[in-house]
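Okay, structure first, notes after.
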Amino acid sequence: MSVFGAYGVKDAASIIYYGLHALQHRGQEGAGIVTFNADGESYRKRGLGLVNEVFTQENISSLKGDMGIGNVRYANASKGGQDNLQPFFFHHHSGDFAIASEGSLVNSAQIVRYLEQRGSLFQSAMDCEILGHLIKKDSNKPRIYQISEALNMMEGSFAFLIMTRNRIYAARDKYGFKPLSIGKLGEGYVISSETCAFDIIGATFIRDIEPGEIVTIDHHGIRSMRFSQFQRRKMCAMDYIYLARPDSDIEGCNVHAYRKESGRRLYRECPCDADIVIGVPDSSLSAAMGYAEESGIPYEIGLVKSKYVGRTFIQPTQEMREKGVKMKLSAVRSIVGGKRVVMVDDSIVRGTTSLKIVKLLRDAGATEVHVRIASPRMTHPCFYGVDTSTEEELLCSHRTTEEACAVIGADSLGYLSYESTIAASGRQDMCLACFNGEYPTVLYKNKNK
Ligand code: AMP
Ligand code: SF4
C-alpha cells in the first residue's frame, strides 16, 4: 500500500495520478484519488485495478482542485473488495474530510470496541475508517488536537494523509515503520510513500516526516507537531529488501545501494564457487550485482521476466501464485546451460518462487544451483501490514536451513545475517520482526481483524 498527496499544485489530480503510477509496485489491487477545489467541493474516484485502469484522461480532468490525496492498495485475504478502497471520505457538520493510509494497526479491534461503545457503527475494518471515527469522537476541540489524540491511541504501523477542505495533515507512526517524505513542487507541496514519485513529477525532496510527527500543509506552508514524544527508528526491513523501488531513498539510504551492499555482505557471509551469478528480476538484481562484484564471479541475465504480469505474490491463493510464477519468469538456456549458477533472491517467504526457479534453471541445463538470499530466514508473520503470510506457511518457520534447501531442491542455501541486514543501510536499527520475532510494539490478542 502507499499514499500520495498534493497541496497548492495546479490540477492536483493529474500530479497525483503520476505519483500513484510511480508507486504502483506497492499495490496493484485498487487505486483512488479525492480532491477539493477552492470552494470546498469534493471530487472522488476509486476503483479496482491498476492506476491506469482506474483512471482515464476524462475522469482525471473531472477531479478538480489544487489539493488532493490518493492511494494504491494491495489485496490481502481479509481486506479486498470495492468497499475497502481508499481514500475514505467522511461527511461531517464541521467539514468534510478524506483519509488515505498505508500500514496496519495492531490495536484496531480494541479501538473499534471502544468506539462502538460510544455509538460508532463501522462499515469496514479499515484503519482509515477507524481514524475518521476517532478524530471526530470529540468534535469540540481544535482539529489538530483531535488528530493528534487519535493518532496517539493507535498502535502499529501507519502513514496517514488526512485532507480537510483547506489543508493536508501527514503523519507517521512513532516507530517509523513506514516511509513518508515531503517534496516541493513549484509553489506547492507533495507527500509520498516513496521518493521515486518525486523524480517522475519533477518535485524536489525536502525531508522525511519523522516518527511520531504530524506535518500540516496549508497556505501558511509547512508546520510540524509531535503527537508522541516516544520515538523509535524501526523502519520495516522489507521496505529496503523487497518493497521499495531501487530509485527511492528511504531515510537517507538509496534502496539500490542498500541492496547492492547487502549482496556484497551476502558473499562475504555465504561464499560460493560458481560460474555465474544471476538475480531474480526485478527486486533481487541489485543484490545479485553486489554478490557478483564482491566475488568476482560474472553477473549474467539468467532469468527474464515478462513485463506484463503483475507481482505473483499479490494474487491471494497459493494455486494462483503458482500459476503466476510460471507465467512470469523464464530461464535463459544459452546462459545457464552447463553452468554452476548462484541464484540471488531478496527473500524466501513460502518458498514458492525459489522452488520454481531452481527447477527452471535445472530444466534449462544448469549443472548446480546455489541459492543465496539477501535477507535472514523469515520465520514470523508480519502484523504491520506487509503480506508475508502466516507462520505455518513460511518455509523457514519450522525448518532448518538444510531442510529448506532440500524443499526448494537447491545444491546449497545461504542467508544474510541480522547484523548485515541492518548495517547495509548504515542505520543503527530497523524492524526485523518477521525474521527474529522481536516485534517492536505490543501485540494485542486479536491481531487478525
Ligand atoms: P515466496 O515465493 O512465497 O517464497 O515469496 C518470495 C518471493 O516473493 C521473493 O522472490 C520476493 O521477491 C517476493 N516477496 C517477498 N515479500 C513479498 C511481499 N510482502 N509481497 C509480495 N512479494 C514478496
Ligand atoms: Fe517489515 Fe517484517 Fe517488520 Fe513487518 S515484521 S514491518 S515485514 S520487517
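The values are calculated or read from the model by the stated rules, or taken from the named source; none is laboratory data. Owing to the predicted nature of the structure, the values given are computational and were not obtained by experimental measurement. Neighbour counts are summed over all protein chains in view; Cβ atoms, including those assigned to glycine, are modelled from backbone coordinates with ideal geometry. Protein only, heavy atoms only, side chains kept; ligands, DNA and RNA dropped before computing areas. Shrake-Rupley method; radii C 1.70, N 1.55, O 1.52, S 1.80 Å.
Being open to solvent by less than 10 Å² (accessible area, probe 1.4 Å) and modelled with pLDDT of 95 or more narrows it down to one of V407, V349, V342, so name that one.
Values: V407 fails: open to solvent by less than 10 Å² (accessible area, probe 1.4 Å); V349 fails: open to solvent by less than 10 Å² (accessible area, probe 1.4 Å).
V342 is the lone residue from the list that is open to solvent by less than 10 Å² (accessible area, probe 1.4 Å) and modelled with pLDDT of 95 or more.
Consider S420 against the criteria (1) assigned to a loop (DSSP other than H, G, I, E, B); (2) closer than 29 Å to P298 by Cβ: it satisfies all of them except one. Which criterion is unmet?
Checking S420 against (1) assigned to a loop (DSSP other than H, G, I, E, B); (2) closer than 29 Å to P298 by Cβ, the one that fails is (1).
Out of I144, I191, I241, I need the residue that is surrounded by fewer than 24 Cβ atoms within 10 Å (Cβ to Cβ) and either among the hydrophobic types (A, V, I, L, M, F, W, C) or modelled with pLDDT of 95 or more (or both). Which one?
Result: I144 is the single residue among I144, I191, I241 that is surrounded by fewer than 24 Cβ atoms within 10 Å (Cβ to Cβ) and either among the hydrophobic types (A, V, I, L, M, F, W, C) or modelled with pLDDT of 95 or more (or both).
Hey, does region 136-149 have a residue that's out of contact with any Cys (no Cβ under 8 Å at 6 or more places or on another chain), in a helix (DSSP H, G or I) and among the polar types (S, T, N, Q)?
Checking region 136-149: at least one residue is out of contact with any Cys (no Cβ under 8 Å at 6 or more places or on another chain), in a helix (DSSP H, G or I) and among the polar types (S, T, N, Q).
Would you check if there is a residue in region 160-167 being among the polar types (S, T, N, Q), open to solvent by less than 10 Å² (accessible area, probe 1.4 Å), touching a residue at least 60 places away in the same chain (Cβ under 8 Å) and in contact with an Asp or Glu (Cβ under 7 Å, 6 or more places away or on another chain)?
Among the residues of region 160-167, not one is among the polar types (S, T, N, Q), open to solvent by less than 10 Å² (accessible area, probe 1.4 Å), touching a residue at least 60 places away in the same chain (Cβ under 8 Å) and in contact with an Asp or Glu (Cβ under 7 Å, 6 or more places away or on another chain), which makes the answer no.
For the list (1) near ligand 1 (Cβ under 10 Å from one of its atoms); (2) assigned to a helix (DSSP H, G or I); (3) closer than 24 Å to G302 by Cα, I need the number of the one condition that L361 fails.
The one condition L361 does not meet is (1).
In region 430-449, how many are surrounded by 14 or more Cβ atoms within 10 Å (Cβ to Cβ) and either at pLDDT 95 or above or not in a loop (DSSP other than H, G, I, E, B) (or both)?
Residues flagged as surrounded by 14 or more Cβ atoms within 10 Å (Cβ to Cβ) and either at pLDDT 95 or above or not in a loop (DSSP other than H, G, I, E, B) (or both) within region 430-449 amount to 10.
Condition check ((1) in a strand (DSSP E or B); (2) surrounded by 20 or more Cβ atoms within 10 Å (Cβ to Cβ); (3) touching a Cys at 6+ places or on another chain (Cβ under 7 Å)) across all residues:
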site: G5; (1), (2), (3): yes, yes, no
site: I16; (1), (2), (3): no, yes, no
site: D39; (1), (2), (3): no, no, no
site: Y43; (1), (2), (3): yes, no, no
site: G47; (1), (2), (3): yes, no, no
site: N52; (1), (2), (3): no, no, no
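For region 228-283, how many residues meet the condition of being aromatic (F, W, Y) and closer than 16 Å to G176 by Cα?
So the count comes out to 2.
Pull out all pairs, ordered by first then second residue, where Cβ-Cβ is under 6 Å, the residues are six or more apart or on different chains, the first lies in region 290-317 and is more than 20 Å from P246 (Cα to Cα) and at pLDDT 80 or above, and the second is of a type in the set (F, W, Y) and in a helix (DSSP H, G or I).
From residues that are more than 20 Å from P246 (Cα to Cα) and at pLDDT 80 or above, the pairs are S295/Y267.
Could you please tell me which pairs satisfy a Cβ distance under 6 Å, a separation of 6+ or placement on different chains, a first residue in region 381-407 that is touching a residue at least 12 places away in the same chain (Cβ under 8 Å) and polar (S, T, N, Q), and a second residue that is open to solvent by less than 50 Å² (accessible area, probe 1.4 Å) and within 16 Å of ligand 2 (Cβ to nearest atom)?
Correct list of pairs: T388/V349; T388/C382; T388/C434; S389/V349; S389/R350; S397/T379.
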